[in-house]
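Worksheet: the structure to be examined is printed underneath.
The values are calculated or read from the model by the stated rules, or taken from the named source; none is laboratory data. Keep in mind it's a predicted model, so treat the numbers as computed, not measured. Note that each Cβ is placed from the backbone with ideal geometry, even for glycine, and that neighbours are counted across all protein chains shown. We work out accessible area using only protein heavy atoms, side chains counted, and drop any ligands, DNA or RNA first. Shrake-Rupley method; radii C 1.70, N 1.55, O 1.52, S 1.80 Å.
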Amino acid sequence: MPEQTYNVLFICTGNSARSILAESLINHWGVGLFKGFSAGSHPKGGVHPRTLQLLHSLDLPTAGLRSKGWEEFAKPGAPVMDFVFTVCDQAAGEVCPVWPGQPMTAHWGLPDPAAVESDLDQARAFRDTLRALENRIKAFTSLPIATLDRLSLKRQVDAIGRMRPDATEGKAS
């Protein structure tokens with residue numbers, strides 16, 4: 001009997017960098033068990049070029065990645081989300097839509113790598129952001145979700161969001 005596939009939505013304000021990176025990473029590390037999506041409260045309308053460049057350089061999935069609003073996932077006929085994670089502080093403070101199915105939510109905030117101004121520092125910021133998201137996603141995809149009660153699972157996803165960005169894989173602070 002196949003296991004359930006869990007839908008995971010990553011939200012950021014612009015949906016051009018962090019949430020896009022997270023969508024690609026969960027589709028890579030969680031293949032078969034998780035399906036990743038991303039959206040923004042105020043989408044930029046395009047994926048940041050450095051996001052795609054970094055994903056391509058690491059052979060991570062980029063097919064179908066696009067900047068879109070979160071309302072796509074709150075309307076009838078949209079995939080029902082099991083998890084919704086905010087990956088930027090601004091989106092965490094905004095009033096989100098009511099998500100069908102009452103998904104589990106958590107805040108996994110990280111600084112915006114696109115806000116870094118110098119080219120060299122921005123490249124480093126994108127790599128650091130990808131690494132931090134990858135560590136969190138690996139920790140998340142390794143959870144025994146089907147065997148955890150809702151309260152235990154909530155504690156785990158919240159702890160993952162508190163992982164230091166430079167923490168090694170699976171080590172919550």
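Would you compute, from DSSP H runs of 4+ residues alone, the mean residue ellipticity of the chain at 222 nm, taking -39500 (n - 2.57) per run and dividing by the full residue count, rounded to the nearest 500?
-11000 deg cm²/dmol
Under 1.5 on a/c is rounded, so check that first for the range 34-152, then, if it is not, pick prolate when a/b is larger than b/c and oblate when it is not; a ≥ b ≥ c are the square roots of the alpha carbon gyration tensor eigenvalues.
Cα axes put the range 34-152 in the prolate bin.
Accessible area per residue, 1.4 Å probe, Å², for the chain: what's the number?
Details: 8780 Å² over 173 residues.
Accessible area per residue, the chain: 51 Å².
Could you state how much accessible area Trp29 has, in square angstrom rounded to the nearest 10, with a 1.4 Å probe and all protein chains kept in place?
100
Using Cα pairs closer than 8 Å and at least 6 residues apart in sequence, work out the relative contact order for the range 1-115, in percent.
Relative contact order for the range 1-115 comes out at 30 percent.
Carbon-plus-sulfur fraction of the accessible area of the chain, 1.4 Å probe, in percent?
Within the chain, the accessible surface is 53 percent carbon and sulfur.
Only bridges whose two residues both fall in the chain count here: according to DSSP, what percent of them are antiparallel, nearest 5?
Antiparallel: roughly 0 percent of the beta bridges in the chain.
Evaluate the charge dipole of the chain about its Cα centre and quote only its size in Debye, nearest 20, assuming +1 on the Cβ of each Lys and Arg and -1 on the Cβ of each Asp and Glu. Mind dumping the intermediate values first?
Numbers: 18 positive and 18 negative charges, 40 e Å.
It comes to approximately 200 debye.
Report the label-to-label distance for Ala78 and Arg124 in nanometres (one decimal), using points 7 Å from each Cα along the Cα→Cβ vector.
Distance between the two pseudo-spin positions: 3.8 nm.
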